[in-house]
Amino acid sequence: MQMTLTINGQSHSVDAPAAALLVDVLRDDLGLTGTHIGCDTSQCGACNVLVDGVGMKACTMLAAQAQGASITTIEGIGKSGGTLEALHPMQLAFREAHGLQCGFCTPGMVMAGMEMVRKHGTRLTPELVTHELEGNLCRCTGYINIVKAIVAGAAGMEASHA
Ligand code: FES
Ligand code: FES
């Protein structure tokens with residue numbers, strides 16, 4: 001079916017099966033491969049995006065359902081330019097706190113951090129972040145630096161009004 005999706009502020013016309021998952025359309029039809037697929041059980045959070053600003057696992061939603069919504073992927077945060085200054089504060093915090101190793105889970109973790117800020121404001125505690133990370137899996141880091149990164153990223157968002 002023909003569908004129109006608004007991704008990172010741009011409108012895209014896509015011809016995809018009615019049952020296509022949002023994550024597959026993002027990756028396969030639009031080339032937005034920063035949104036990862038880490039499981040087939042909706043448990044890993046590697047596919048996290050924002051739908052009208054709200055965190056969502058893109059493997060749990062049909063692309064057709066996303067019509068009319070504004071979708072933000074990891075490619076749509078921060079600014080263009082490839083410099084450190086261009087990074088979104090949550091991305092910068094992951095870099096500075098060494099919140100990643102292989103990086104596979106990282107886009108989903110960054111989007112999860114942004115969702116935590118939406119839900120709880122910028123004064124996140126490590127305990128709250130740990131609780132909220134229940135839906136995100138990382139096979140490398142042991143989570144400690146991810147928690148530090150999200151707490152720091154929240155503070156960075158507050159400081160920069162991101
Ligand atoms: Fe969506 Fe794992 S790919 S939760
Ligand atoms: Fe490798 Fe998280 S950094 S899965």
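If you go through segment 94-107 and keep only what is part of a helix (DSSP H, G or I), more than 16 Å from ligand 1 (Cβ to nearest atom) and crowded, with 24+ Cβ neighbours inside 10 Å, you end up with just PHE94.
In segment 95-111, of all residues being under 21 Å from ASN8 (Cα atoms) and touching a helix residue (DSSP H, G or I) at 6+ places or on another chain (Cβ under 7 Å), the one that is farthest from ligand 2 (Cβ to nearest atom) corresponds to MET111.
Only residues that are touching a residue at least 12 places away in the same chain (Cβ under 8 Å) and of a type in the set (Asp, Glu) were counted across segment 96-146, and they come to 3.
Take segment 1-24 and flag every residue that is among the β-branched types (Val, Ile, Thr), surrounded by 14 or more Cβ atoms within 10 Å (Cβ to Cβ) and touching a residue at least 40 places away in the same chain (Cβ under 8 Å). Answer for segment 1-24, where residues must be among the β-branched types (Val, Ile, Thr), surrounded by 14 or more Cβ atoms within 10 Å (Cβ to Cβ) and touching a residue at least 40 places away in the same chain (Cβ under 8 Å): THR6, ILE7, VAL14.
Of all the listed residues (VAL129, VAL110, VAL147), the sole one being within 16 Å of ligand 1 (Cβ to nearest atom), of a type in the set (Val, Ile, Thr) and either at pLDDT below 95 or in a helix (DSSP H, G or I) (or both) is VAL110.
Candidates are the residues of segment 113-126 that are surrounded by fewer than 18 Cβ atoms within 10 Å (Cβ to Cβ), in a helix (DSSP H, G or I) and not charged (D, E, K, R); the one that is farthest from ligand 2 (Cβ to nearest atom) is HIS120.
Cβ-Cβ distances below 8 Å connect the following pairs, each with a first residue in segment 36-57 that is without any contact (Cβ under 8 Å) to a residue 60 or more places away in the chain, a second residue that is in a loop (DSSP other than H, G, I, E, B) and within 16 Å of ligand 2 (Cβ to nearest atom), and a separation of six or more residues or different chains: ILE37/ALA46; ILE37/CYS47. The residue that is nearest to MET114 (Cα to Cα), among those in segment 127-152 that are buried (at least 17 other Cβ atoms within 10 Å of the Cβ) and charged (D, E, K, R), is GLU132. Look through segment 66-93, keep the residues that are modelled with pLDDT under 95 and of a type in the set (S, T, N, Q), and return whichever of them is surrounded by the most Cβ atoms within 10 Å (Cβ to Cβ). Filtering segment 66-93 for residues that are modelled with pLDDT under 95 and of a type in the set (S, T, N, Q), the one surrounded by the most Cβ atoms within 10 Å (Cβ to Cβ) comes out as THR83. Within segment 44-59, if we keep just the residues that are in contact with a Lys or Arg (Cβ under 9 Å, 6 or more places away or on another chain) and more than 17 Å from GLY76 (Cα to Cα), the residue that is surrounded by the fewest Cβ atoms within 10 Å (Cβ to Cβ) turns out to be CYS44.
Scanning segment 9-65 for residues that are part of a loop (DSSP other than H, G, I, E, B) and among the acidic types (Asp, Glu) turns up ASP40, ASP52.
The values are calculated or read from the model by the stated rules, or taken from the named source; none is laboratory data. It should be emphasised that the depicted structure is a prediction, and the values quoted were computed from it without experimental measurement. Backbone-built Cβ (ideal geometry, glycine too); neighbour counts: all protein chains shown.
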